[in-house]
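A quick write-up on the structure given underneath.
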There are 2 protein chains.
Amino acid sequence: MSEATKPILEVLSGNRQKVPPVWFMRQAGRYLPEYRAVRERAGSFLKLCFTPDLAAEITLQPIRRFGFDAAILFSDILVVPHALGRRVSFETGEGPRLEPLDISDIGALPTEADAAILVPVYEAVRLVKRKLPPRVALLGFCGAPWTVATYMIAGRGTPDQAPARTFAYREPEAFARLIEILIGVSSHYLVEQIRAGAEAVQIFDTWAGVLPPREFERWCVAPVRKMAVNVRREIPDAKIIGFPRGCGASLATYLDQVPVNAVGLDWAADPAFVHEHVRGRAAVQGNLDPLVLLAGGEALDRAIDDVLANYAEGPFIFNLGHGILPETPVMHVEQTLQRIRLS
Amino acid sequence: MSEATKPILEVLSGNRQKVPPVWFMRQAGRYLPEYRAVRERAGSFLKLCFTPDLAAEITLQPIRRFGFDAAILFSDILVVPHALGRRVSFETGEGPRLEPLDISDIGALPTEADAAILVPVYEAVRLVKRKLPPRVALLGFCGAPWTVATYMIAGRGTPDQAPARTFAYREPEAFARLIEILIGVSSHYLVEQIRAGAEAVQIFDTWAGVLPPREFERWCVAPVRKMAVNVRREIPDAKIIGFPRGCGASLATYLDQVPVNAVGLDWAADPAFVHEHVRGRAAVQGNLDPLVLLAGGEALDRAIDDVLANYAEGPFIFNLGHGILPETPVMHVEQTLQRIRLS
């Protein structure tokens, strides 16, 4: 491997690395004291996202502290609805809040994002890119249309996103319009992140697991496929990581249709299924339970070993099965990186 | 089929029925005006569970109104912790509340349920059995040890039962003791329900989907396997339906180890996976999205047809993918039964 090669990009090209590269979803965030300090000074979460210096600084914090193999841009999937004119807010400990969307709001939605709102995001990407160590890859991201739509409809997260599911059953045409808008805006958003310097992008479909097969194909699979096609039309070798969280055995359908370089697994994924249906088609990324990272101790060591035993024999990126929890002790992250790198 | 044969029991013996038999999880419940009337008079939910006349009456209500093919005893999975001396309460619209369990409480738990508390449940089974139409089967049930334990630890339902998962990581020995107690008590509870007249029993593992593979095998699969073995030791031909909700592709592991007659599917199950891993090993039960039953209209018709197309070619019991929602219009239940029976 030449000095300039980045392990995560190698894995995304299908080349297994002897020591699996590592990054963690939400690695730039509340579990870090240096993040909390910046957030306290800045005030609002959205101000962090839209101030390039601050977003870049926060993005780099976990790289400095832990030496992760990728930096993921500090931002949020809800900047897209924000750029579509929806009011979004983040209260600490409360999760995001949006003004809920009804059928007439969908009719009135613009089909393009307010470009001025997203410019600071691309600027943050440029700033981070300049400061990254040479082996560290820069990841951009966005939410998948279904997941972003669930928050836009409900105005918040719910245990199984029932409001959006009900809306989609009752008003499929309006819902389809919302999804089409999100496909267009999100595709463009990823393209611009890549043009600004992101070396791969992850599409987060946090709520992929709550739909029956027909709706999963219509609202999750087809839209993310269209996004991948849109992005590759502009950037033919774009590297894309799909993360259809919680979709169980429907992951096979997802991979049949969505051309991703890697697939993110949640912590409940079944290793035998992944061997049969993912290996040879995409790299694997995942899938330590964020709660065992929080719990620490012997359980953590055993869980790390399980993830490595289950997946590290092929092209593999070590990650969590979902975002790192705010209460996670920093020492447990160190313990995890050490164990992976000594493995 | 002789007059005395019950379609659901036929399916549980592996014999496909031309018109699939139907019942719905929580079919005796709040969406029915006649249930709400009884509940208002009685006051507390637990009083309904422990007063045989009332429990029997409520169990029979949906049979009279809709002609379901099975009656499921009106009760709750939390009567088991109640019979272990834990305080349980149900506030309308709030979900269940228990006093949360800590490590010292587990040390102090009895290893057998207070028999006097559960006697009215068996009496309710006897009352229902006497009044059921001849083609209607009577189902008993209990919660799986893991699911019951998650409520006992947290004192309530949470989006992914993090308190119990954390507890199990940090205190595996104490947690194992809790699970062992629940295996013993729940096995006995099912045996007594069958002796009182239940013709099949369902083991609800509502939270099977939140665990990594190692923990899924230890806390879900092995305990339910032990329960099935315990029940069959007393009643060799006991018919058992397993419902490991949300376990995705790990359903294969479950079926490898747990000897069930049928497996309940949640609404997000993948039909191709089920064909490959369930067919020929167990009957299938499921899996209409309770939200599409609530939504109604064309979406409901299409969803019913999808479920039938996906699963009715083998031994199959039509059901929901989870409990019926309190806001469900009674007319939508009628629409569903008609469509299944005309199919």
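Annotation: amide H of B:Ile72 within the under-5 Å range of B:Leu139, sequence separation 5 or more or interchain, hydrogens built in the peptide plane. Return the long-range amide H neighbours of B:Asn287 (sequence gap of 5 or more, or a different chain), with a cut-off of under 5 Å between placed amide H atoms. Amide H neighbours of B:Asn287: B:Asn319. Ordering A:Ala83, A:Leu132, A:Pro212 by Cα displacement along the dipole of chain A toward the positive end leaves A:Leu132 in first place; charges were set at the Cβ atoms of Lys, Arg (+1) and Asp, Glu (-1). Across the alpha-carbon atoms of region A:272-343, the computed radius of gyration and Dmax are 12.4, 37 angstrom. For peptide A:123-131, the mean count of partner chain Cβ atoms within 10 Å of a residue's Cβ comes to 0. Across identical copies of the chain, B:Lys129 has label-point separations of 7.4 nm, listed in ascending order, with the point defined 7 angstrom from Cα along Cα→Cβ.
Label point of A:Ala309 (7 Å along Cα→beta-carbon): distances to the other copies' equivalent points are 4.2 nm, sorted ascending. For the pair A:Asp53 and A:Arg156, a Förster radius of 41 Å applied to the C-beta separation gives a FRET efficiency near 0.85, rounded to the nearest 0.05. The alpha carbon convex hull volume per residue for chain B rounds to 121 Å³. Evaluated with a Cβ-only charge set (Lys, Arg +1; Asp, Glu -1), region A:228-343 carries a dipole of roughly 420 debye about its Cα centre, given to the nearest 20. Given a 1.4 Å probe and the protein chains as shown, B:Lys131 ends up with an accessible area of around 140 Å².
Dividing the mean sequence gap of close Cα pairs (under 8 Å, 6+ apart) by how many residues chain A holds gives a relative contact order of 20 percent. Across all directions, the average flat footprint of the convex hull enclosing the Cα atoms of region A:14-133 is 9.7 nm². Under 5 Å between amide hydrogens, built in the peptide plane, is the criterion, and for A:Val201 it picks out A:Gly140, A:Lys239, A:Ile240, A:Ile241 among residues at least 5 positions away or on other chains. Converting phi to 3J(HN,Hα) with the Karplus coefficients 6.51, -1.76 and 1.60 and the offset θ = phi - 60°, region A:145-156 yields x, 4, 5, 5, 4, 4, 5, 5, 6, 7, x, 5 Hz in sequence order, with x at every glycine or proline. Share of the protein assembly as shown's accessible area from carbon and sulfur, percent, 1.4 Å? C and S fraction of accessible area: 51 percent.
Couplings 3J(HN,Hα) of region A:10-15, computed from phi: 4, 4, 5, 8, x, 9 Hz, in residue order, whole Hz [Karplus 6.51 cos²θ - 1.76 cosθ + 1.60, θ = phi - 60°; x for Gly and Pro].
The residues of region B:131-253 have, on average, 31 Å² of accessible surface per residue, using a 1.4 Å probe with all protein chains present.
Chain A contacts chain B over a buried accessible area of about 2700 Å², both sides summed; the probe is 1.4 Å and only protein chains count. All C-alpha pair distances within the protein assembly as shown, sorted into 10 Å bins from zero, spread as 3, 15, 25, 26, 18, 10, 3, 0 percent across the bins.
Let me make sure I get this right: for region A:170-269, a, b and c are the square roots of the gyration tensor eigenvalues over alpha carbons, sorted descending. Under 1.5 in a/c it's rounded, otherwise prolate if a/b > b/c, else oblate. Which is it? Cα axes put region A:170-269 in the oblate bin. Across region B:2-71, the relative contact order, built from alpha-carbon pairs under 8 Å that are at least six residues apart, equals 35 percent.
Across all directions, the average projected area of the convex hull around the alpha carbons of region B:198-326 is 8.2 nm². Under a model in which nothing but the beta-carbon of Lys, Arg (+1) and Asp, Glu (-1) is charged, region B:64-197 shows a dipole of about 780 debye around its Cα centre. Rounded to the nearest 500, the helix-only mean residue ellipticity at 222 nm of chain A stands at -15000 deg cm²/dmol, with each DSSP H run of n ≥ 4 adding -39,500 (n - 2.57).
For the peptides B:297-304, B:106-113, the ranking by packing is B:297-304, B:106-113, with the highest mean count of neighbouring Cβ atoms within 10 Å listed first. Taking the charge dipole of the protein assembly as shown about its Cα centre, with +1 at Lys and Arg Cβ atoms and -1 at Asp and Glu Cβ atoms, the residue from A:Ser44, A:Pro110, B:Leu73 reaching farthest to the positive side is B:Leu73. Using C-alpha pairs under 8 Å with a sequence gap of at least 6, the mean separation divided by the residue count of region A:199-317 gives a relative contact order of 23 percent. Partner shielding of A:246-255 amounts to 6, given as the average count of beta-carbon atoms from other chains within 10 Å of each residue beta-carbon.
Per residue of B:288-300, other chain Cβ atoms within 10 Å of the residue Cβ number 5 on average. Measuring from the axis that maps chain B onto chain A, the chain B residue with the nearest beta carbon and its rounded distance in angstrom come out as B:Gly248, 1.
Charged side chains reduced to their Cβ positions (Lys and Arg at +1, Asp and Glu at -1) give chain A a dipole of some 660 debye around its Cα centre.
For B:Glu34, the point set 7 Å out from Cα toward Cβ sits 6.7 nm from its twins in the other copies, listed from shortest up.
The values are calculated or read from the model by the stated rules, or taken from the named source; none is laboratory data. Only a predicted model underlies this, so the values are computations on that prediction, with no experimental measurement involved. Note that each Cβ is placed from the backbone with ideal geometry, even for glycine, and that neighbours are counted across all protein chains shown. For the accessible areas, the whole protein counts, side chains as well, though only heavy atoms, and no ligand, DNA or RNA atoms are used. Shrake-Rupley method; radii C 1.70, N 1.55, O 1.52, S 1.80 Å.
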